[in-house]
Amino acid sequence: MILLGINSAFGNADISHLPLSTVDLDRGWLGYPRPKTGVDRRCPLWPETIEDLEQVLAKRKQPTDPELIDRLFVTQRGNAFVRYAENGQYKGAAIDGVGQEFKKMFNATTIARKGVGFYSLRHTFRTIADQHGDQRAADTTMGHLRGDISEVYTHHVQDERLQRVVEYVRNWLFSEDK
């Protein structure tokens, strides 16, 4: 989950709702509309992310709810990681297992800081991706709409541009010069 958070700028709900059918580990890509906004997103996956996702799939529990059968991540009990109040809306999770698990792990480290949570990975992706300079590719990875006139004329961002942006973030993350 952590690698998807930084590799693909995924937030808690993005992780919890990620359909298995949208992840192509053979090609190393994922693509599906962002749950919060419905905006399409595409993202190449790092080798490290693919390797970890293969391990997740090997250990994945069967979902308890048939509606979760296509979810990549389910809890040990087969439930969704992020669950909402009875209306099912994305405004305020009743249970955020992604955030809870990240907080437990993060608090066990010597770098734990107040106010840093799983969603901080999404912020970090954007901060570093913006240094690359291809805002449209970063937007496509994140599932953002800029709301400007250029969106009317831009219908597709080439895969090579998306690869360059996520590789830029990967190089930053794994470099020793931070």
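Taking Val98, is it open to solvent by less than 50 Å² (accessible area, probe 1.4 Å), modelled with pLDDT under 90 and not aromatic (Phe, Trp, Tyr)?
Considered against the rule, which asks whether it is open to solvent by less than 50 Å² (accessible area, probe 1.4 Å), modelled with pLDDT under 90 and not aromatic (Phe, Trp, Tyr), Val98 comes out as no.
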For segment 156-178, pairs from a residue that is open to solvent by less than 70 Å² (accessible area, probe 1.4 Å) and modelled with pLDDT of 95 or more to a residue that is among the polar types (S, T, N, Q) and not in a helix (DSSP H, G or I), with Cβ under 9 Å and 6 or more apart or across chains, are Val166/Ser8
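The values are calculated or read from the model by the stated rules, or taken from the named source; none is laboratory data. The model shown is predicted, which means the values in this text are computed figures rather than measured ones. Heads up, the Cβs are rebuilt from the backbone with ideal geometry, glycines too, and the neighbour counts pull from every protein chain shown. These accessible areas exclude ligands, DNA and RNA; they are computed on the full protein's heavy atoms, side chains included. Shrake-Rupley method; radii C 1.70, N 1.55, O 1.52, S 1.80 Å.
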